[in-house]
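Novice: Sharing a structure, written as structure tokens. Questions coming.
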Amino acid sequence: MHKLIILAAPLALIACAEEAEIEETEVTEEIETAVLTTANGTVTPMMAEVMGADGPQGMSRVNADGTFQDMDADGGIVAEGTWAVVDGKTCFTPSTEGVDGACWTESEPAEDGSFTAVSDTGEEVTVTPMAGE
């Protein structure tokens, strides 16, 4: 009987150590999928409608991997590249030829998630995240 208890104790410790390794791996994977936010704290990824002074400008997708895509009303990509928060502004650096980059100062999001963004050149747009994004 004593031999059985002596053999069971190390096996129980090994099983506990294996469980701890599994839990540690799961926590590490959660940290690696951290979420990025724009300068005003809007969580990405985000698909949003962009409305300018002259009406709808199209849609923008801001991805958690630091990339973005701007689309026209038909869903065609008109610009893409990278984005980052720089000096409290959300800045876009297009890789699309002929499209200039811009940094935007964003207002605090409203209850529905929408916000106003003003570029360094003074252009103002309203950004409205789409539900379910």
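Novice: Counting alpha carbon pairs within less than 8 Å and at least 6 residues apart, what relative contact order, in whole percent, applies to the range 46-129? Display every interim value, and only then the final one.
Specialist: Numbers: 178 pairs, mean separation 19.1, N = 84.
Relative CO of the range 46-129 lands at 23 percent.
Novice: Picking from 118, 50, 90, whose Cα lies most toward the positive end of the charge dipole for the range 46-129 (charges on Cβ: Lys, Arg +1; Asp, Glu -1)?
Specialist: Farthest towards the positive pole: 90.
Novice: What's the magnitude of the charge dipole for the range 46-129 around its Cα centre, counting Lys and Arg as +1 and Asp and Glu as -1 at the beta-carbon? Answer in Debye, nearest 20.
Specialist: Approximately 180 debye in magnitude.
Novice: While we're on this one: Counting Lys and Arg as +1 and Asp and Glu as -1, what is the net charge of the other residues whose Cβ lies under 10 Å from the Cβ of residue 104?
Specialist: That works out to -3.
Bear in mind that the values in this text are calculations on the coordinates, not laboratory data. Remember, it's a predicted structure, so these values are computed and weren't measured experimentally. Using ideal geometry, Cβ is built from the backbone for each residue, glycine included, and neighbour counts are taken over all protein chains shown.
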